[in-house]
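Asker: Here it is, the structure, as structure tokens.
What follows draws every value from the coordinates through simple rules; no lab data is involved. Note that the structure is predicted; figures quoted are calculated from it, not measured. Here the Cβ is made from the backbone with ideal geometry for all residues, glycine too, and neighbour counts use every protein chain on show.
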Amino acid sequence: MSEHRRILVVDDEARMRRFVRMNLELEGFLVLEASDGLEAIRKTREEMPDLVLLDVEMPKLDGFETLREIRRTSPVPVIMLTVRSEEDDLIRGLDLGADDYVTKPFSARELVSRVNALLRRVELSSPGDHSGRIDIDDRLSVDFDRREVLVDGKPVKLRPTEYRLLHHMVQNQGITLSHEQLLSKVWGPEYVDDNQLLRVYIAYLRQNIEPDPSNPRYIFNERGYGYRFADV
């Protein structure tokens, strides 16, 4: 997984960059560094890394603004490094195009696991056990061959993770899947305790496919356990 993979580490603290570099290089990654947001934007364009680890709290240009600029020109996978754990900050990062986040302080093992898990997800060209088009009802259809979701006959653009989540739930229509099952299947076994991340992506998915996200037709919450896609 790590052979020849290039990771750009963006943090204004030299000690943190050294810590991350050392542990990623031990796993066989090639590591690039940037000490601020402007340097990160430039290196993303010029070096084309396979993944960016981006600190949120930096002077001059913070991680959110840096991510906004990166996303203007690059789809590179981005993991935010943050001391904040509030859901508003998580949602802001994901809305701007982050793929994942790690909250400081973190262990070397956690960081490497998250990097490997995200790279695995990116490599999956298709999540499919299913093929063809499934008409959920007269309003919602999913075409697994084209990786296309149609609402009222019009394509809806989903984030790749949203699509994988929908794909897995549709495959298991009528079955309540636990938080752990969904996190492990869609994100990887490293994420089985990250219920906050799952909750955010369920909300994204409802916003995109439900006629009324506050009164769902398709995705139901089984409180304290997981979620079920309606067998309609």
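Asker: Using the number of other C-beta atoms within 10 angstrom as an exposure proxy, rank R72, R5 with the fewest first.
Answerer: Details: R72 8, R5 18.
Ordered by Cβ neighbours within 10 Å, fewest first: R72, R5.
Asker: Next question. By the gyration tensor of its Cα atoms, with a ≥ b ≥ c the square roots of the eigenvalues, what is the shape of the range 9-131: rounded for a/c under 1.5, prolate for a/b over b/c, or oblate?
Answerer: The shape class here is rounded.
Asker: Report, by chain and number, residues whose modeled amide H sits under 5 Å from the one on F144, excluding near sequence neighbours (fewer than 5 apart, same chain).
Answerer: The list, which skips near neighbours in sequence, is G132, R133, I134.
Asker: List every DSSP H helix in the chain whose Cα atoms extend 20 Å or more along the helix's own long axis and whose mean Kyte-Doolittle hydropathy is at least -0.5.
Answerer: Numbers: long enough: 108-123 (23 Å, -0.11); 195-209 (21 Å, 0.05).
Long hydrophobic helices here: 108-123, 195-209.
Asker: Quick one: putting +1 on the C-beta of Lys and Arg, -1 on the C-beta of Asp and Glu, what dipole do you get for the range 6-123 around its Cα centre, in Debye to the nearest 20?
Answerer: On the way: 19 positive and 25 negative charges, 64 e Å.
In total the dipole reaches around 300 debye.
Asker: Around L32, which amide H atoms from residues at least 5 apart in sequence, or from another chain, sit under 5 Å from its own amide H, with H modelled in the peptide plane?
Answerer: I7, L8, V9
Asker: In addition: Rank by packing, highest mean first: peptides 26-38, 211-223, with packing defined as the count of other Cβ atoms within 10 Å averaged across residues.
Answerer: The peptides rank, most packed first, as 26-38, 211-223.
Asker: How much of the DSSP bridge set in the chain is antiparallel, in percent, rounded to the nearest 5?
Answerer: Of all bridge pairs located within the chain, approximately 50 percent are antiparallel.
Asker: Separation between the I175 and E13 pseudo-spin-labels, each 7 Å from Cα along Cα→Cβ, expressed in nm?
Answerer: In this crude spin-label approximation the distance works out to 4.4 nm.
Asker: Let me ask another. Are there any chymotrypsin sites (Phe, Trp or Tyr not before Pro) in the range 51-134 that are in a DSSP loop and have at most 16 other Cβ atoms within 10 Å? List them by number.
Answerer: F106
Asker: Give me, ordered by chain and number, the residues 5 or more places off M80 or on other chains with an amide H under 5 Å from its own placed amide H.
Answerer: Here the answer is L54, D99, D100, Y101, V102, since their amide H atoms fall under 5 Å of that of M80.
Asker: Could you work out the relative contact order of the chain? I mean the mean sequence separation of Cα pairs under 8 Å and 6+ apart, divided by the number of residues, in percent.
Answerer: Computed over the chain, the figure is 12 percent.
Asker: When a/c is below 1.5 the answer is rounded, else prolate if a/b is larger than b/c, else oblate, so apply that to the range 76-123 with a ≥ b ≥ c taken from the square roots of the Cα gyration tensor eigenvalues.
Answerer: Oblate, because a/c is 1.5 or more while a/b does not exceed b/c.
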